[in-house]
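Novice: Take a look at the following structure, please.
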C-alpha cells in the first residue's frame, strides 16, 4: 500500500508571520521533510510549535515566505493560478469542522466539495454515499438537516464532505477535539479503516500521544518552528526525555513501563499502547515461569 515516492516534500520551508513589522514571528524555520505516499502519520507538537502552520502549507492555504512545497513532485506555487488544483489533492479538515456546516441537508453539505470540483450528478451521488458510509452515517440521515444531529454526527458529516472529494492526502486537525471517549474511538477507527481501504495518505494532528501511538505507524514532531523528528512511532517515542522537555508527554502506559524498567523489571522500553502492554506483561510472566 505504501511506497517510497513522497506525496509531500518540503524543501527549506520557512514561514514568517507579520514579516517586516514589530510583530514578526518565525513560525517555520527551514523545514525539510518527505512524506511517503500511503503513509498514516501522527503530527504532534505543543501549542505554538508550528504544526498548524505546517499543515496549512500542505494544501496551499499559506504560501511559503521562502522554500518550496512539492505535491507529487510538482512545485505547488510554480503557477499560483493553479493552486486550486492542489487544494483538491490535499483535503484539510479543520478543528471543530461542524461549525462550517451550512446546507439544508446532510447530503447537500457532503456534496458541496464534489460539486465545486465539477463532478457529474451521478459521480456526486456515488461520492456522497460512499463517504457517508465510511464515516458511519446512515442513508436516512442524508435527508436530515445537519443541525438536527449530535455533535459527533456533525463531525462525521464534515469529515465526509472532505472524503467525498477523494483527496490524495487527507489532513485532520484534532478531529476528536471535544468528543467523549466513545466518539473519539469511533471517529479514529473510521479514519483508520478509510486509510486501510483507500490507501491514501493520512495526516492526523493530535495532542493525544495515546491516539498517535494506537492509530499511526509514523509520527512527525514539530518543536519551536523546526522539524524535530519524522520516523516510526517506536523511534519517536523512544526519545521520551526530549519529548517531555518540549512539553509533550509520551503515552501514560509508556511512562509506566519506563519506570518498571528503572526498577529492574525485564520489560521493554518500547511499549506505547495498552495492547502492547498486555503482550509484554504476558511475555515477561511466561519467561518468569520458564525460569523457575
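Novice: Filter segment 167-187 down to residues that are closer than 23 Å to residue 53 by Cα and either at pLDDT 90 or above or touching a helix residue (DSSP H, G or I) at 6+ places or on another chain (Cβ under 8 Å) (or both), then give me how many there are.
Specialist: Going through segment 167-187, the residues closer than 23 Å to residue 53 by Cα turn out to be 167-178.
From what is left, the residues that are either at pLDDT 90 or above or touching a helix residue (DSSP H, G or I) at 6+ places or on another chain (Cβ under 8 Å) (or both) are 167-176, 178.
Final tally of qualifying residues: 11.
Novice: Can I ask one more? Looking at (1) surrounded by fewer than 23 Cβ atoms within 10 Å (Cβ to Cβ); (2) out of contact with any strand residue (DSSP E or B) (no Cβ under 6 Å at 6 or more places or on another chain), which one does residue 195 not meet, given that it meets all the others?
Specialist: Going through the list (1) surrounded by fewer than 23 Cβ atoms within 10 Å (Cβ to Cβ); (2) out of contact with any strand residue (DSSP E or B) (no Cβ under 6 Å at 6 or more places or on another chain), residue 195 breaks only (2).
Novice: Let me ask something additional. Are there any pairs, at least 6 apart or on different chains, whose C-beta atoms fall under 8 Å, with the first in segment 266-290 and loosely packed, with under 11 Cβ neighbours inside 10 Å and the second not in a helix (DSSP H, G or I), and if so, which?
Specialist: 287/266
Novice: Quick one: is residue 161 over 19 Å from the mean Cα position of the chain (by Cα) and in the same structural domain as residue 52 (by TED's automatic domain parsing)? Explain how you work it out, then say what you get.
Specialist: Working: over 19 Å from the mean Cα position of the chain (by Cα): no; in the same structural domain as residue 52 (by TED's automatic domain parsing): yes.
Spelling it out, it is not the case that residue 161 is over 19 Å from the mean Cα position of the chain (by Cα) and in the same structural domain as residue 52 (by TED's automatic domain parsing).
Novice: Answer yes or no as to whether residue 202 is assigned to a helix (DSSP H, G or I), in contact (Cβ under 8 Å) with a residue 60 or more places away in the chain and either surrounded by fewer than 21 Cβ atoms within 10 Å (Cβ to Cβ) or in contact with a helix residue (DSSP H, G or I) (Cβ under 7 Å, 6 or more places away or on another chain) (or both).
Specialist: Values: assigned to a helix (DSSP H, G or I): no; in contact (Cβ under 8 Å) with a residue 60 or more places away in the chain: yes; either surrounded by fewer than 21 Cβ atoms within 10 Å (Cβ to Cβ) or in contact with a helix residue (DSSP H, G or I) (Cβ under 7 Å, 6 or more places away or on another chain) (or both): yes.
Taking the combined requirement at face value, the residue does not satisfy it.
Novice: Where in segment 1-116 are there strands (runs of 3 or more DSSP E), lying wholly inside it, with at least 3 residues that are under 19 Å from residue 165 (Cα atoms), assigned by TED's automatic domain parsing to the domain that holds residue 168 and in contact with a helix residue (DSSP H, G or I) (Cβ under 8 Å, 6 or more places away or on another chain)? So that I can check it myself, show each step before the final result.
Specialist: Working: elements: 6-17, 25-36, 40-44, 66-71, 90-93.
Fully inside segment 1-116 and qualifying: 90-93.
Novice: Related question: If you scan segment 131-155, which residues turn out to be closer than 14 Å to residue 111 by Cα and under 19 Å from the mean Cα position of the chain (by Cα)?
Specialist: The one that is closer than 14 Å to residue 111 by Cα and under 19 Å from the mean Cα position of the chain (by Cα): 131.
Novice: List the number of the failed condition for residue 213; all other conditions in (1) out of contact with any helix residue (DSSP H, G or I) (no Cβ under 6 Å at 6 or more places or on another chain); (2) not in a loop (DSSP other than H, G, I, E, B) hold.
Specialist: (1) is the only condition that residue 213 fails.
Novice: Residue 128: under 24 Å from the mean Cα position of the chain (by Cα), over 20 Å from residue 86 (Cα atoms) and either in contact (Cβ under 8 Å) with a residue 40 or more places away in the chain or part of a loop (DSSP other than H, G, I, E, B) (or both), yes or no? Give the steps one after another, and end with the answer.
Specialist: Numbers: under 24 Å from the mean Cα position of the chain (by Cα): yes; over 20 Å from residue 86 (Cα atoms): yes; either in contact (Cβ under 8 Å) with a residue 40 or more places away in the chain or part of a loop (DSSP other than H, G, I, E, B) (or both): no.
No: the conditions fail for residue 128.
The values are calculated or read from the model by the stated rules, or taken from the named source; none is laboratory data. Everything numeric in this text was worked out from a predicted model, so none of it was measured. Positions of Cβ are generated from backbone atoms using ideal geometry, with glycine treated the same way; all protein chains shown enter the neighbour counts.
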